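Take a look at the structure set out below.
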Amino acid sequence: MVGAACAYYAARSGLSVTVIDRGPVAGGTTGAGEGNLLVSDKEPGPELELALLSTRLWRELSDVLPPRVEYEAKGGLVVASGEASLMVLRDLAARQERAGVKNQEVAGDGLRDLEPHLSPDLAGGFHYPQDAQVQPALAAAHLLRAGRDSGRVLLRLGEDVTGVLKGVSGDVRGVRTASGDLRAPWVVNAAGTWGGRLAHLAGVDLPVLPRRGFVLVTEPLPRVVRHKVYTADYVADVASGSAALQTSAVVEGTPAGPVLIGASRERVGFDRTLSVEALRRLAAQATRLFPVLSRVRAIRTYAGFRPYLPDHLPAIGPDPRVPGLLHACGHEGAGIGLAPATGMIIARILSGGELPMDVAPFRPDRFKQASPGTPRTP
Ligand SMILES: Cc1cc2nc3c(=O)[nH]c(=O)nc-3n(C[C@H](O)[C@H](O)[C@H](O)COP(=O)(O)OP(=O)(O)OC[C@H]3O[C@@H](n4cnc5c(N)ncnc54)[C@H](O)[C@@H]3O)c2cc1C
């Protein structure tokens, strides 16, 4: 998704781009997530700023991309089970509002006007009209197609980048794949969870780590869930750096019918083993929120590895350690949402345009050197 967005905006800036992926389109984490485009779960700060810019860009993209990318400006509903968690939400909502996020408190007895099937015993919540949703794999594919149709984006799938070519002064000159060398003055590392490995090929350290997540998919249903609905606990889980299993139900309907129930978080390396415990917890939390789901069958599950940087911010921009190398990776659980703003920033840097926001917090060289797997401080 992030590479597709970088290619799309770079092409729109008049640049010629070759996208190289060792797999198919959306064969990485993009094909394993839910596609929420959220501002509601973000603390005020650089990530929220990036999300607000992306929200606007996603709206623009929804006019360019075909309806089958399932863009829905459906809004989010964050709910609290008791007065204590409602107070936490109130505090966050007030701070977010000052940062430009629209939200509105919903009393406990008003929640079911928005979501008729919600459990009746919730204390209240907040409605976030700017939250939206998209089908990530299709969105990535159609962004690439739009780039290709412009005549400026070339797609090379099934090709592993095995080396980064450099000139005598250490500046980037292209990449190496099994098919040969591809010469280019700029290389953008949009390798997601594998961004650290690609950085390593260029001789620099970028501590991207995998944070595993499972999603549970139900049989197709009529629209029983209208918004993206999640509990106050989810916000804390997103911000947490804990390696332990965390689950907090995030429930949403899709235009195709299945309800998606996410999302677990744990740091277990690239272990793909199915975790029945994670799925059991997700199902229990989702049915607590929407009792109607207890009568519904789960038909499948999928897992992915969020590209995680220790301070929860992506790496976006040029790497001062290797001229010509840019990074656009490490977006953790928000890479679908944050992709357009990332793509626009990368394109502006490459074409010398004006940056749409301050990108200093995303500097790729902000981490101290440390041993692999050790959380590092900025
Ligand atoms: C369970 C789960 C739920 C999620 N839900 C959401 C959500 O609701 N909203 C949201 O915004 N985000 C969500 N995310 C996070 C989101 O999916 C990621 O942040 C996003 O997909 C990252 O996109 P990317 O393009 O950076 O990485 P990827 O999609 O992983 O793309 C990286 C690509 O690089 C390629 N690659 C790597 N190394 C090489 C190499 N050496 N040579 C060639 N190609 C290479 C890979 O094949 C891959 O296709 C979720 C993630 C998970 C796991």
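Rounded to a whole number of µm²/s, how large is the Stokes-Einstein D of the range 22-147 at 25 °C and 0.890 mPa s, given Rh as the Kirkwood radius over C-alpha pairs? Please list the in-between numbers first.
On the way: Rh = 16.0 Å.
The diffusion coefficient I find is 154 µm²/s.
When the helix-only estimate is applied to the chain (DSSP H runs of n ≥ 4, each -39,500 (n - 2.57), divided by the residue count), what is the mean residue ellipticity at 222 nm, nearest 500 deg cm²/dmol? If you can, show how the numbers build up before the last one.
Details: 9 runs with 110 residues, N = 378.
Here the helix-only value at 222 nm equals -9000 deg cm²/dmol.
Which residue, PRO314, PRO255, PRO136, has the most motion in a Gaussian network model of the chain that connects Cα atoms within less than 10 Å?
Highest fluctuation of the listed residues: PRO255.
Which of the trypsin sites (Lys or Arg not before Pro) found in the range 56-123 are in a DSSP loop and have at most 15 neighbouring Cβ atoms, other than their own, within 10 Å? Present the calculation step by step, with values, prior to reporting the outcome.
Details: sites: ARG56, ARG59, ARG68, LYS74, ARG90, ARG95, ARG98, LYS102, ARG112; in loops: LYS74, LYS102.
Answer by residue number: LYS102.
Which whole-number value in Å² is the accessible area per residue of the chain, probe 1.4 Å? List each step's numbers first, then the result.
Numbers: 15790 Å² over 378 residues.
That works out to 42 Å² for each residue.
Taking R0 as 45 Å, what FRET efficiency do you get between ALA94 and THR273 from their Cβ-Cβ distance, rounded to the nearest 0.05? Mind showing how you got there, number by number?
Details: r = 42 Å, r/R0 = 0.93.
Calculated transfer efficiency: 0.60.
Quick one: dipole size for the chain, taken about the Cα centre, charges +1 on Lys/Arg Cβ and -1 on Asp/Glu Cβ, in debye to the nearest 20. Mind dumping the intermediate values first?
On the way: 42 positive and 38 negative charges, 187 e Å.
In total the dipole reaches around 900 debye.
Report the relative contact order of the chain, percent, no decimals, based on alpha-carbon pairs under 8 angstrom and at least 6 residues apart.
Details: 853 pairs, mean separation 89.7, N = 378.
Once divided by the residue count of the chain, the mean separation gives 24 percent.
At ASP113 and GLU219, where each label point lies 7 Å from the Cα along Cα→Cβ, what is the point-to-point distance in nanometres?
Result: 3.4 nm between the two label points.
Which shape class applies to the range 74-218: rounded if a/c is under 1.5, otherwise prolate when a/b exceeds b/c and oblate if not, where a ≥ b ≥ c are the square roots of the Cα gyration tensor eigenvalues?
Values: a/c = 3.01, a/b = 2.42, b/c = 1.24.
Prolate, because a/c is 1.5 or more and a/b exceeds b/c.
Largest first and in whole Å, what are the equivalent-ellipsoid semi-axes of the chain based on the Cα gyration tensor, each being the root of 5 times an eigenvalue? Intermediate values should be presented prior to the final figure.
Numbers: eigenvalues 250, 86, 82 Å².
Value: 35, 21, 20 Å, ordered largest first.
If you roll a 1.4 angstrom probe over the protein chains with everything in place, what fraction of the accessible area of the range 167-301 belongs to carbon and sulfur, to the nearest %?
Numbers: 3280 of 5900 Å².
The value for the range 167-301 is 56 percent carbon and sulfur by accessible area.
Evaluate the distance, in nm, between pseudo-label points positioned 7 Å from the Cα of ARG176 and of SER294 along their respective Cα→Cβ axes.
Label-label distance for ARG176 and SER294, simple model: 6.0 nm.
Evaluate the charge dipole of the range 68-189 about its Cα centre and quote only its size in Debye, nearest 20, assuming +1 on the Cβ of each Lys and Arg and -1 on the Cβ of each Asp and Glu. Could you put the intermediate results ahead of the total?
Numbers: 15 positive and 16 negative charges, 196 e Å.
It works out to roughly 940 debye.
To make sure I understand the rule: partners must be lysines, Cα under 28 Å from the Cα of LYS102, and not fewer than 8 residues away in the same chain. Which ones qualify?
Output for LYS102: LYS42, LYS74, LYS228.
Determine how large the accessible area of VAL292 is when every protein chain is in place; take a 1.4 Å probe and give Å² rounded to the nearest 10.
Roll a 1.4 Å probe over it and VAL292 shows about 30 Å².
Quick check: at a probe of 1.4 Å, how many percent of the accessible area of the range 29-122 sits on carbon and sulfur atoms? Present the calculation step by step, with values, prior to reporting the outcome.
Values: 2150 of 4310 Å².
Looking at the range 29-122 in its full context, I get 50 percent from C and S.
Rounded to a whole number, what is D in µm²/s for the range 61-101 from Stokes-Einstein with the Kirkwood radius over alpha-carbon pairs (4 °C, 1.567 mPa s)? Please report the intermediate quantities before stating the final value.
On the way: Rh = 12.9 Å.
Reported coefficient: 101 µm²/s.
Could you pull the Cα extents of the range 136-241 along its three principal axes, largest to smallest, in whole Å?
59, 38, 21
Report, in degrees rounded to the nearest 10, the 0 to 90 angle that the Cα long axis of helix 2-12 makes with the longest principal axis of the chain.
That works out to roughly 60 degrees.
The values are calculated or read from the model by the stated rules, or taken from the named source; none is laboratory data. Quantities reported herein were computed from a predicted structural model and do not represent experimental measurements. Because the Cβ atoms are built from the backbone with ideal geometry, glycine has one as well, and the counts that use them run over all protein chains shown. Please note that ligands, DNA and RNA were not included when accessible areas were found on the heavy atoms of the full protein model with its side chains. Shrake-Rupley method; radii C 1.70, N 1.55, O 1.52, S 1.80 Å.
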